[in-house]
Amino acid sequence: MSPWFIDIDERARGCQAVGLASGQRPDTTFFEGGEVGGRAGPGVGLEAWPAASRYMLAPMSDASQNDLRAELAGLVEETRRHLVWMRDAGQRVVRKERDLAIAPALASTPARAPGAAEAPTTPVAAPTAPSSAHARPSFLEAPPKPKEPSPMPSSPVRATAPLPSPATAAPADPAAQLKVIRDDLGDCQRCALGSTRTQLVFGQGNPKAEVLFLGEGPGEDEDRSGLAFVGRAGQLLTKMIEAMGFTRDDVYICNIVKCRPPGNRRPEPDEVEHCRPFVEQQIRAIAPQAIVALGATAVQSLLRTTTPISRLRNHWQEWQGIAVMPTFHPSYLLRAPAEKGKAWDDLKLVLQKLGRPVPARK
């Protein structure tokens, strides 16, 4: 029976059992030696791996190995959750002394002389993350069917560059926080969209809004004006907002990406990931009571899910303790006006969540 090495991926996406070559010391829990990445060699360099990665199962019964694998899988999951929590909290860099917190203790352990008994070692647990029948309004009226845009080919996924670090001391005032985020974003060139856009569309509205509307990305009109949702879809969104009893100045409106994708195509995954830290900082600064996610791209990107919008809508979701109501994008409603009634049902749930009455049709 060969020893096994549990490898914790540095991006906290799970664990896999990697069989080590023969010749390992079968009586050790932590091991040293070998070159970086030398999984087929006599060992793996201790200094080259994250601290939580250096667990080795000595030969034992299948039942014991299964129990220890389950324990290590739990450790991996706790580590992953902690990394996700750190990321969602805005932290982008882990200092070495925190990342390798147990490495000094391991590195300082004296080498065992041949034949000498080895002191037992205790696995170090990973840190845990902190423990989420009314009248139909006027916007339901069907407009003329618009001309369908020409389909654009999807560009290949590009490698994601390092994400920017957030501001170190964000002001408490939401408006001031949003200014810091916008200044940090600057004349963004973090992905290819920066070279094709006309204007960056940060978002606008009430910094203390009860409701935040999150769309997919700027279109041609938004790219020209620098404002979110000002084209035909934006005009329909305005009617939806007004049907709820709000004005555009009462709510906050932004998109999952800040720059227009060429031809209004769907944003690529790496483009979403480059914008994600700024969008999440915006949401945390505003701290709305509810987010209305407009369309599949917005809700799937925010919640990191692939569930279709048809199954997500009309059911409350959650993002970091904030209620999220998925609904159809206004541009889809322009193409499929028969679906407007479903969108209004979603918005009525938002009003109920806020404790607001459903306004009568004007």
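Results, tabulated for the structure shown:
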quantity: In sequence order, calculated HN-Hα J values of the stretch 180-195 (Karplus, 6.51, -1.76, 1.60; Hz; x Gly/Pro); calculated: 5, 5, 5, 5, 5, 5, x, 8, 4, 10, 6, 9, 5, 5, x, 8
quantity: Approximate spin-label separation Arg304-Arg335, in nm, with each point projected 7 Å along Cα-to-Cβ; calculated: 2.9
quantity: Within-10-Å neighbourhood charge of Ile286 [Cβ basis; K, R +1; D, E -1]; calculated: +1
quantity: Largest-first ellipsoid semi-axes for the stretch 169-354, taking √(5λ) over the Cα gyration tensor eigenvalues, angstrom; calculated: 23, 19, 16
quantity: Whole-Hz couplings from phi, Karplus 6.51/-1.76/1.60, listed for the stretch 332-348; x for Gly and Pro; calculated: 5, 5, 5, 7, 10, x, 5, 8, 5, x, 5, 5, 5, 4, 5, 5, 5
quantity: Out-of-range pairs (alpha-carbon distance over 25 Å; input Lys258/Lys353; Lys179/Lys342; Lys179/Lys353; Lys208/Lys239); calculated: Lys258/Lys353; Lys179/Lys342; Lys179/Lys353
quantity: Packing-based ranking, highest mean first, of 191-202, 295-306 given that Cβ atoms within 10 Å are counted; calculated: 295-306, 191-202
quantity: Coil-residue chymotrypsin sites (Phe, Trp or Tyr not before Pro) of the stretch 287-347, DSSP, other Cβ within 10 Å capped at 15; calculated: Trp316
quantity: Length gained when the stretch Lys208-Ser225 is fully extended (0.36 nm per residue, less Cα-Cα span); calculated: 3.8 nm
quantity: Extension gain (nm, one decimal) between Lys239 and Thr198, 0.36 nm per residue minus Cα-Cα; calculated: 12.1 nm
quantity: Exposure proxy ranking, count of Cβ atoms within 10 Å, fewest first, for His274, His315, His329; calculated: His315, His329, His274
quantity: Ile253, Ile181 arranged by Cβ crowding within 10 Å, fewest neighbours leading; calculated: Ile181, Ile253
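A short reminder: the numbers here are calculations on the coordinates, not readings from a lab. Because the structure is predicted, anything quoted here is derived from the model rather than measured. In this analysis, Cβ positions are derived from the backbone assuming ideal geometry, glycine residues included, and neighbour counts consider all displayed protein chains.
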